[in-house]
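Here's the structure we're looking at; comments come further down.
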Amino acid sequence: MAKILIVDDSRIIRRVLTGTLTEAGYEIAGEAANGEEALEKLKTIKPDLVTLDITMPIMDGLETLDHIRKEYPDLKVIMISAAGQKTKVLQALKAGALDFIRKPFEKDEMLEVLAKYI
């Protein structure tokens, strides 16, 4: 099954995503609390897909997505955003994210979006 890197500054969200995705049969390749950590992890792990929060400290999701597109142009990225970040979600989609999942998300919704791409 596909390997996923989870990038979110919320430990709770990372834990929920890890549980949901592991239960569905996905392998968690790693976790990162911000974009800088994610880029470091991408040097050593090769996930099939990245879930990427938009609002994070140190390096936000949009800046991280920009780096990912330059360094790993074929890597699949799905953005995760809180309601009310519509402008940033549109920016992310234009910058190359495949899709987005709105927080708070339903387990089935998360799995349905992932199934489209992996």
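The values are calculated or read from the model by the stated rules, or taken from the named source; none is laboratory data. Since this is a predicted model, take the numbers as computed values, not measurements. We place every Cβ from the backbone using ideal geometry, glycine too, and count neighbours over all the protein chains shown.
Against the conditions (1) within 21 Å of Tyr117 (Cα to Cα); (2) at pLDDT 95 or above; (3) not small (Gly, Ala, Ser), Phe105 satisfies every one except (2). The residues of the stretch 10-29 that are of a type outside the set (Val, Ile, Thr) and more than 11 Å from the chain's Cα centre (by Cα), listed by number, are Ser10, Arg11, Arg15, Gly19, Leu21, Glu23, Ala24, Gly25, Tyr26, Glu27, Ala29.
Do we find that Thr18 is hydroxyl-bearing (Ser, Thr, Tyr) and either touching a helix residue (DSSP H, G or I) at 6+ places or on another chain (Cβ under 9 Å) or under 21 Å from Ile118 (Cβ atoms) (or both) in this structure?
yes
Of the residues making up the stretch 69-102, those that are modelled with pLDDT of 90 or more and of a type in the set (D, E, K, R) are Arg69, Lys70, Glu71, Asp74, Lys76, Lys94, Asp99. Within the stretch 65-118, if we keep just the residues that are within 21 Å of Asp9 (Cβ to Cβ) and touching an Asp or Glu at 6+ places or on another chain (Cβ under 6 Å), the residue that is surrounded by the fewest Cβ atoms within 10 Å (Cβ to Cβ) turns out to be Val113. Annotation for the stretch 49-57: at least one member residue is modelled with pLDDT of 95 or more and among the β-branched types (Val, Ile, Thr).
The residue that is surrounded by the most Cβ atoms within 10 Å (Cβ to Cβ), among those in the stretch 1-32 that are touching a strand residue (DSSP E or B) at 6+ places or on another chain (Cβ under 8 Å) and assigned to a loop (DSSP other than H, G, I, E, B), is Asp8. Of the numbered conditions (1) under 21 Å from Lys103 (Cβ atoms); (2) modelled with pLDDT of 95 or more; (3) surrounded by fewer than 16 Cβ atoms within 10 Å (Cβ to Cβ); (4) among the charged types (D, E, K, R), Glu40 satisfies every one except a single condition; which is it? Evaluating Glu40 over (1) under 21 Å from Lys103 (Cβ atoms); (2) modelled with pLDDT of 95 or more; (3) surrounded by fewer than 16 Cβ atoms within 10 Å (Cβ to Cβ); (4) among the charged types (D, E, K, R) leaves (1) as the failure.
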